[in-house]
Amino acid sequence: MKNSRTTPHVDPPEPPHTRPPEGASPSPGARPSAHDRTAWDLAVRNNRPDAVAELLDAGADPDAAMGEHRETTALRYAATRGMTAVAQRLLAAGAQPDGRLDEGQATPLMLASAQGDLDMMRLLLDRGASPRSVASRRAGIVAPGPPAGMPDGSPLASAAHGGHLEAVRLLLEHGARPDPETREAAVRGARKPRPRDPGIRRGTPEDYRAIQELLEREGPA
């Protein structure tokens, strides 16, 4: 007679927790986990200006690093995503409108200009962001951070490369001056294929022509 008893199912042991020690850099390509997301990260990423304000009131640093690798700041993150209300809270709490160039990042105004986000640009300019800030990844001042295809240089070069005519006009009104890099950025942008992603803002061929004419009229830097 066979034994009718069945062997109970035992789940295999869970793998040991592999989260790196405090202060250690995550492995390249590692996926972020819930443990890596601070309350600050979550409030900013989820575009929650009310939560951001509460954390600032509780003493959060408006210029604190955020992201999986602590590679950016809240203001830079907001500047690329149209989070104007979040940016307002950060600037009111003392966030540096240009960030810190020694952190190896483009300025928030460069990022907003690359998107042609006029509301964000006006906010940053009103709070003291420099329309003439210049950075160069080739010179080692600006490291990864700007969107793919964003040119080295300035907010004006970023706006010209994206074909954002009104953004170019706004920067010129605030004292930006074109230089050879800016004009070259407009030419390179006009030659790029049209993006298939509707979420990518790019000017029309007419916008690029108008930008090039406007930059020529403004004369040398």
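Within the range 85-98, being closer than 21 Å to A114 by Cα, touching a helix residue (DSSP H, G or I) at 6+ places or on another chain (Cβ under 6 Å) and buried (at least 17 other Cβ atoms within 10 Å of the Cβ) holds for V86, A87, L90, A95, P97.
Go through A139, A221, A148, A135 for me and flag whichever is at pLDDT below 95, under 25 Å from G94 (Cβ atoms) and not assigned by TED's automatic domain parsing to the domain that holds A85. Outline the logic, then answer.
Details: A139 fails: under 25 Å from G94 (Cβ atoms); A221 fails: under 25 Å from G94 (Cβ atoms); A148 fails: under 25 Å from G94 (Cβ atoms).
Sole residue among the options that is at pLDDT below 95, under 25 Å from G94 (Cβ atoms) and not assigned by TED's automatic domain parsing to the domain that holds A85: A135.
Out of A114, A167, A186, which single residue is at pLDDT 90 or above, in contact with a Phe, Trp or Tyr (Cβ under 8 Å, 6 or more places away or on another chain) and either buried (at least 22 other Cβ atoms within 10 Å of the Cβ) or among the small types (G, A, S) (or both)? Before you say what the answer is, go through the steps one by one.
Details: A114 fails: in contact with a Phe, Trp or Tyr (Cβ under 8 Å, 6 or more places away or on another chain); A167 fails: in contact with a Phe, Trp or Tyr (Cβ under 8 Å, 6 or more places away or on another chain).
Exactly one of A114, A167, A186 is at pLDDT 90 or above, in contact with a Phe, Trp or Tyr (Cβ under 8 Å, 6 or more places away or on another chain) and either buried (at least 22 other Cβ atoms within 10 Å of the Cβ) or among the small types (G, A, S) (or both), namely A186.
The values are calculated or read from the model by the stated rules, or taken from the named source; none is laboratory data. For clarity, every value in this text was computed on a predicted model and none was experimentally measured. As a convention, Cβ positions derive from the backbone with ideal geometry for all residues, glycine included, and neighbour counts pool all protein chains shown.
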